[in-house]
Amino acid sequence: MNLIGWVESLFIKRPVGFASNVLKLVSGTVIAQALTILTAPVLSRLFPPQAFGTTSVFISIASVLAVIICLRYEQSILLPKDDADAANLFSVSLIISLVISLLVAIILVGQAGTVTTLLNVPELTAYLWILPIALVFQGLFQAINQWNTRQKKFTRLSLARVAASLTTSIVPIFLALMGYRNAAGLIISWITGTIIFSLVLSAQVLREDAQILFHKIRPTSMLAVARRYWKFPLLDTWGSLINTLSWQLPSLLLSPFFSQSVVGYYAMASRILLLPMTIIGNAISQVFFQHASEKTANQESLAQVVSKVFDRLVAITLVPVLLLAILGKELFTVILGAQWAEAGIYAQILAPWIFFLFISSPLSTLFSILERQETALIVHIAILSTRFASLLIGGLIKNVYLALALWSASGVIVYGGLALWNLKITGVPLNHSLRTLGKYLLAGSPIAALLITMNYFLPIADIWVLLTAAIASLLYVIWILKTTPEIQQSLGIPAKSKATGLDAANHQDQDISNGR
């Protein structure tokens, strides 16, 4: 069974058309991320950590500027009922992106050295001239992506995403073999992926939608729709900018205080850690958002949906995170090479944060469902503030482990508190949440104790410890299947218990609604 089918079977049976559309998007993401996983051991051996660090700083700068490249007008392309208005918004987005890219180019002409000096990455000066070009295509990418979503061209989006991922995964290997084993190879590959995505989609749009795009765009109409959707540049931009900046802070703040190798270690660690969020977390968020939206009128039903999602997220996340916290260094060393052992230590430190991030992110869609956007903005500000303070303290003390430990601890507090708050406002009792955490923590404790003993107290080779971890993980999965009838049904496994998966779920939901 495919990923989205598994997610749907756990949470909701959806209309075929919607499920098919989501599957198309998720399939492209899964394939794209699979390419990233498969090529990571190769790239980690071809490029040094410094190259990844410099590239990470470049991508962080581009990512922050990408939030404002279209002033968020691209997000409004989905809203008008008339395609003509959407086409004019598409044009507004492109024009704004060109203007902002030009402004960035003008600023960089005289201030490129200042920027790289502040960030303590002088080697980036040679590549900053590429930034305005990257922003032009980033603006096109964002606008063309929303236009295709509006036209329900999900297969097209999925294929373009795979093509872009294939480019960013394969091109750096060829460049490394040609001698470009530095940041240039990685930066050029990243930009090439964006260009490929944009041009592939643009060619198809021009072939099919040229009538709309060229014959219904008028300057007066562009001004009209720009005024109509003024909230996007003036209000939505700030929340998105804060959110993006908080994610890019490590590269931007670790760079001035530490070496580019440290930034590279963090970039690789976060890249590996966040892959499950991209593949599984986004799929769960999409399914949960739709299902929870239907239950807002009934508090009891909403609580049942939220509690079930929480239970499943904890079940599939807790033990893998425990294994990562214990064996991160060994895992990175075996898979990526000895030079990435430090990145494995970073992954161990960040593992608790990843757990709470994973279980809270899907639940955070409740901000939109319950129309509490102002609370979401406060949360984004709190996240940015705590992350900034964590990295700044560690940087000033010149201790990267402290910086990451404070980052992880603040993430546990903020995202853990956020998850509990979302559970509370939907009526899920606190004792139910604690019981769920306790159940799976207890299940994972023997595995954790065994691996800690083998790894830290016995003279056993890393490969055997990792093999033991793999076997233990398999046993845990079998236990999850045997004790969770809903997952058995979703995978087509006949439940041995007398009660069906639906009966078991209803019984559990009744316990929740009664506060037991």
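The values are calculated or read from the model by the stated rules, or taken from the named source; none is laboratory data. These numbers were taken from a predicted model, which means no experiment stands behind them. When we count neighbours, we look across all protein chains shown, and the Cβ atoms used for this are built from the backbone with ideal geometry, even at glycine. These area figures cover heavy atoms from the full protein model, side chains too; ligands, DNA and RNA do not enter into them. Shrake-Rupley method; radii C 1.70, N 1.55, O 1.52, S 1.80 Å.
No other residue among 481, 451, 437, 466 is aliphatic (A, V, I, L, M), in contact with a helix residue (DSSP H, G or I) (Cβ under 9 Å, 6 or more places away or on another chain) and within 17 Å of residue 356 (Cα to Cα) apart from 437. Would segment 58-80 turn up any residue that is of a type in the set (D, E, K, R), touching a residue at least 40 places away in the same chain (Cβ under 8 Å) and either open to solvent by less than 50 Å² (accessible area, probe 1.4 Å) or farther than 26 Å from residue 252 by Cα (or both)? So far as segment 58-80 goes, yes, one or more of its residues are of a type in the set (D, E, K, R), touching a residue at least 40 places away in the same chain (Cβ under 8 Å) and either open to solvent by less than 50 Å² (accessible area, probe 1.4 Å) or farther than 26 Å from residue 252 by Cα (or both).
Taking residue 385 as the residue in question, decide whether it is small (Gly, Ala, Ser), within 30 Å of residue 255 (Cβ to Cβ), open to solvent by less than 20 Å² (accessible area, probe 1.4 Å) and without any contact (Cβ under 8 Å) to a residue 60 or more places away in the chain. Taking the combined requirement at face value, the residue does not satisfy it.
Taking the listed residues 183, 143, the one that is open to solvent by less than 30 Å² (accessible area, probe 1.4 Å) and over 25 Å from residue 250 (Cβ atoms) is 143, with no other qualifying. When each of 149, 117, 125 is tested for being over 22 Å from residue 249 (Cα atoms) and either among the β-branched types (Val, Ile, Thr) or in contact with a Cys (Cβ under 7 Å, 6 or more places away or on another chain) (or both), the lone residue that passes is 149. For segment 179-191, indicate whether the set of residues that are outside any helix (DSSP H, G or I), modelled with pLDDT under 85 and either more than 23 Å from the chain's Cα centre (by Cα) or within 17 Å of residue 52 (Cβ to Cβ) (or both) is non-empty. No, that holds for no residue. For segment 164-180, a tally of residues being open to solvent by less than 40 Å² (accessible area, probe 1.4 Å) and among the hydroxyl-bearing types (Ser, Thr, Tyr) returns 3.
Got a number for residues in segment 316-334 being in contact (Cβ under 8 Å) with a residue 60 or more places away in the chain and under 22 Å from the mean Cα position of the chain (by Cα)? Number of matching residues: 8. Selection of first residues in segment 151-165 that are more than 10 Å from residue 197 (Cβ to Cβ) and part of a helix (DSSP H, G or I) and of second residues that are open to solvent by less than 30 Å² (accessible area, probe 1.4 Å) and modelled with pLDDT under 75, restricted to Cβ pairs under 6 Å at least 6 apart or on distinct chains, gives the following pairs, ordered by first then second residue: 158/28.
Residues checked against (1) within 21 Å of residue 315 (Cα to Cα); (2) under 28 Å from the mean Cα position of the chain (by Cα); (3) open to solvent by less than 40 Å² (accessible area, probe 1.4 Å); (4) modelled with pLDDT of 85 or more:
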| position | (1), (2), (3), (4) |
| --- | --- |
| 448 | yes, yes, yes, yes |
| 451 | yes, no, yes, yes |
| 458 | no, no, no, yes |
| 462 | no, no, no, yes |
| 469 | yes, yes, yes, yes |
| 472 | yes, yes, yes, yes |
| 482 | yes, no, no, no |
| 487 | yes, yes, yes, no |
| 491 | yes, yes, no, no |
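Does segment 243-271 hold any residues that are buried (at least 18 other Cβ atoms within 10 Å of the Cβ) and of a type in the set (A, V, I, L, M, F, W, C), and which are they? Residues satisfying the conditions are 245, 249, 252, 253, 254, 257, 258, 262, 263, 267, 268, 269. Looking only at segment 408-435, filter to residues that are more than 18 Å from the chain's Cα centre (by Cα), among the aliphatic types (A, V, I, L, M) and closer than 18 Å to residue 381 by Cα; which one of those is least open to solvent (accessible area, probe 1.4 Å)? Only one residue fits best here, namely 409. Scoring residue 326 on the criteria (1) buried (at least 18 other Cβ atoms within 10 Å of the Cβ); (2) at pLDDT below 90 leaves a single failure, condition (2).
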